[in-house]
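**Student:** Sharing a structure, written as structure tokens. Questions coming.
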Amino acid sequence: MPRMLRRAAVLGATAHVASNRGQARAEAAAAAEQQAAPPPVEAPPPVAPAAPAASSADSYADLVKLKELLDAGVLTQTEFDSEKQKILGA
């Protein structure tokens, strides 16, 4: 066998062995990384959009109207308090 042909055969075999070892190391590292990685976190469920809040001027006007109804005797104190809580959102 000519010298250059033997050299090519040795280099080819060496490259093949090195490639196989490198691939085995990469697979082992990927497997270890997968085991060490925490499980993926699920995204929280989407939150329903909040109703647009009434501006302070609107809520103030509504409270004034309620107070007038209370003073006129149309509403009782408990009705006034419950409606006030609805307006204030508390």
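**Student:** For region 44-72, give me each residue that is assigned to a helix (DSSP H, G or I), at pLDDT below 85 and of a type outside the set (Gly, Ala, Ser).
**Tutor:** Asp58
**Student:** Does at least one position in region 28-42 carry a residue that is outside any helix (DSSP H, G or I), of a type outside the set (Lys, Arg) and modelled with pLDDT of 85 or more? Steps first, please.
**Tutor:** To start, the set of residues in region 28-42 that are outside any helix (DSSP H, G or I) comprises 37-42.
Next cut, of a type outside the set (Lys, Arg) only: 37-42.
Those left that are additionally modelled with pLDDT of 85 or more: none.
No: zero hits.
The values are calculated or read from the model by the stated rules, or taken from the named source; none is laboratory data. Just so you know, these numbers come straight off a predicted model, no measurement behind them.
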